[in-house]
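Visitor: Below are the structure tokens for one structure; questions will follow.
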Amino acid sequence: MSHIKFLTFFFFFFLIVSCDDFEVVPVHLDTYLKLYTQDKGQVMSAVQNSLFDDITKYINYGVSLYTITYNTTYKGENIKASGLVAFPETTHNVPILNFNHGTTSLHRDAPTEDLFQYSFFSNAASAGYIFVIPDYLGFGVSDDILHPYYRSDITGLTIVDMLKATKELAEIEGYNFNGNVFLSGYSEGGFATMSAHKTLEENNFQGLNLVASAPAAGGYDMTGMLNYFLSLGTYHQPYYLAYVAISYKTSYDWGLQLSDIFNEPYASLIPQYFNGQYSGGEINSVLSYSVNLLLNENFRNNFYTDPSLNVVVEAFEENSFNQWVPKTKMFMYHGTADITVPYQNSVDTYNNFIANGVNSSLVEFIPLESRTHSTGAIPYILDIFDKFENLK
């Protein structure tokens, strides 16, 4: 009898100790570092003295900012990625708000590198969100590879894997994530947002409930983007074309040469300038603003008919959203005066959604009247706080 009592005591003792000593064993999260904590007053002061003072009505909490690295996949292999996570200092259950940044070619522009800018953006956590900003692959801890620019599948997975890692970090650090997710982003970040939306819907990840997304000013119809470029005499951001081409060549392992797309000397120059050390403006300066001088004649005239270019056509179609039917709330934004990523590209994408059976109450299109690519960002950011607050 005493032997049975001892075993019973040992069992309950082991159970109690095991529960008390329970630790989260991260699968997606690799490393994390807490940078600082700011109280509500410090956050309020920073936001009040900025262009975003309209959102002070949502500031409720102090904020703690972390850098993290996490596991994701590139070309079928595990790779480490990085980003910033900001937590609101509250015991309340709160959702995630993901923000995806726009195009950059500079490694020093990554959120984990440019803390002056992105630590300010992290104040959004004070509105009651776990705020998540990925570097993207090719930046931060993964800057030894070329950023897979405008690759929907890779980008979507990279963002979702960061959401999973953030969920683990919240549990480790004692923050209460309620499982709900909001996605946002501007320019390339708009494309990244739509990519993450699609990835979440198609995979139904446990513990990540997508409530709504707000992609803005992205190039969602890549074939339409190319047709736009080919219709122009000049284009003021030629490095965008070069970025897509070298990204696709690298991430798809094309045998196709850059000289099959670009004229010389540009075909030979492009690889030298996408090493993370040159800005878009610096890359533009060694390219040509003339579409005819930049792109070779066969590519311009025979893009859809030359069999050797089929891989390019297929890649552009694969990374477009024309055939996708979103099932979760989406707010699409675009400046009506945008000629960098043309306004019509978003209009066409939205019209395709409606033609494919999406209800206009599910996907709302919000024109940013008279706004260009650069001037549309602030009104977009201010408006999504109102939209998302109503869905919290």
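The values are calculated or read from the model by the stated rules, or taken from the named source; none is laboratory data. All values reported here derive from a predicted model rather than from experimental measurement. Neighbour counts run over all protein chains shown; Cβ positions are idealised from the backbone, glycine included.
Visitor: Return only the number of the condition from (1) under 26 Å from Tyr273 (Cα atoms); (2) part of a helix (DSSP H, G or I); (3) out of contact with any Lys or Arg (no Cβ under 7 Å at 6 or more places or on another chain) that His147 does not satisfy.
Guide: Checking His147 against (1) under 26 Å from Tyr273 (Cα atoms); (2) part of a helix (DSSP H, G or I); (3) out of contact with any Lys or Arg (no Cβ under 7 Å at 6 or more places or on another chain), the one that fails is (2).
Visitor: Scan the range 132-157 for residues that are β-branched (Val, Ile, Thr) and over 13 Å from the mean Cα position of the chain (by Cα) and jot them down.
Guide: Val141, Ile145 - these are the residues of the range 132-157 that are β-branched (Val, Ile, Thr) and over 13 Å from the mean Cα position of the chain (by Cα).
Visitor: Of the residues that make up the range 216-229, is at least one crowded, with 24+ Cβ neighbours inside 10 Å, touching a strand residue (DSSP E or B) at 6+ places or on another chain (Cβ under 8 Å), at pLDDT 95 or above and part of a strand (DSSP E or B)?
Guide: Yes, the conditions are met somewhere in the range 216-229.
Visitor: Next question. Can you give me the number of residues within the range 183-208 that are of a type in the set (A, V, I, L, M, F, W, C) and closer than 16 Å to Lys164 by Cβ?
Guide: Count: 5.
Visitor: So, of the residues in the range 160-184 that are touching a Ser or Thr at 6+ places or on another chain (Cβ under 7 Å) and more than 25 Å from Asp383 (Cα to Cα), which turns out to be surrounded by the fewest Cβ atoms within 10 Å (Cβ to Cβ)?
Guide: Asn176
Yes or no, residue by residue, for (1) out of contact with any helix residue (DSSP H, G or I) (no Cβ under 7 Å at 6 or more places or on another chain); (2) assigned by TED's automatic domain parsing to the domain that holds Pro379; (3) of a type outside the set (Val, Ile, Thr); (4) modelled with pLDDT of 95 or more:
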position: His147; (1), (2), (3), (4): no, yes, yes, yes
position: Asp153; (1), (2), (3), (4): yes, yes, yes, yes
position: Leu157; (1), (2), (3), (4): no, yes, yes, yes
position: Asp161; (1), (2), (3), (4): yes, yes, yes, yes
position: Phe177; (1), (2), (3), (4): no, yes, yes, yes
position: Met194; (1), (2), (3), (4): yes, yes, yes, yes
position: Lys198; (1), (2), (3), (4): no, yes, yes, yes
position: Gln206; (1), (2), (3), (4): yes, yes, yes, no
position: Val211; (1), (2), (3), (4): yes, yes, no, yes
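Visitor: From the list Ala86, Ala125, which one is in the same structural domain as Thr37 (by TED's automatic domain parsing), of a type in the set (A, V, I, L, M), in contact with a Phe, Trp or Tyr (Cβ under 7 Å, 6 or more places away or on another chain) and assigned to a helix (DSSP H, G or I)?
Guide: Among Ala86, Ala125, only Ala125 is in the same structural domain as Thr37 (by TED's automatic domain parsing), of a type in the set (A, V, I, L, M), in contact with a Phe, Trp or Tyr (Cβ under 7 Å, 6 or more places away or on another chain) and assigned to a helix (DSSP H, G or I).
Visitor: Identify all residues within the range 174-192 that are over 14 Å from the mean Cα position of the chain (by Cα) and more than 15 Å from Thr328 (Cα to Cα); write none if there are none.
Guide: Gly174, Tyr175, Asn176, Phe177, Asn178, Gly179
Visitor: Filter the range 141-159 for residues that are in contact (Cβ under 8 Å) with a residue 60 or more places away in the chain, surrounded by fewer than 24 Cβ atoms within 10 Å (Cβ to Cβ) and under 13 Å from Ser82 (Cβ atoms) and give the result.
Guide: Residues satisfying the conditions are Val141, Ser142, Asp143, Ile145.
Visitor: Here are some conditions: (1) of a type in the set (S, T, N, Q); (2) within 21 Å of Gln323 (Cβ to Cβ); (3) in contact with a His (Cβ under 8 Å, 6 or more places away or on another chain); (4) assigned to a helix (DSSP H, G or I). Ser247 meets all but one. Which one does it not meet?
Guide: With (1) of a type in the set (S, T, N, Q); (2) within 21 Å of Gln323 (Cβ to Cβ); (3) in contact with a His (Cβ under 8 Å, 6 or more places away or on another chain); (4) assigned to a helix (DSSP H, G or I) applied to Ser247, the lone miss is (2).
Visitor: Which of the numbered conditions does Ser374 fail, given that it passes all the others? Conditions: (1) modelled with pLDDT under 95; (2) out of contact with any helix residue (DSSP H, G or I) (no Cβ under 9 Å at 6 or more places or on another chain).
Guide: Condition not satisfied by Ser374: (1).
Visitor: On to the next question. Can you spot a residue in the range 252-267 that is in contact with a strand residue (DSSP E or B) (Cβ under 7 Å, 6 or more places away or on another chain) and among the aromatic types (Phe, Trp, Tyr)?
Guide: Yes, some residue in the range 252-267 is in contact with a strand residue (DSSP E or B) (Cβ under 7 Å, 6 or more places away or on another chain) and among the aromatic types (Phe, Trp, Tyr).
Visitor: Follow-up. If a residue has to be polar (S, T, N, Q), without any contact (Cβ under 8 Å) to a residue 40 or more places away in the chain and not in a helix (DSSP H, G or I) to count, how many in the range 332-366 make the cut?
Guide: Here the count works out to 5.
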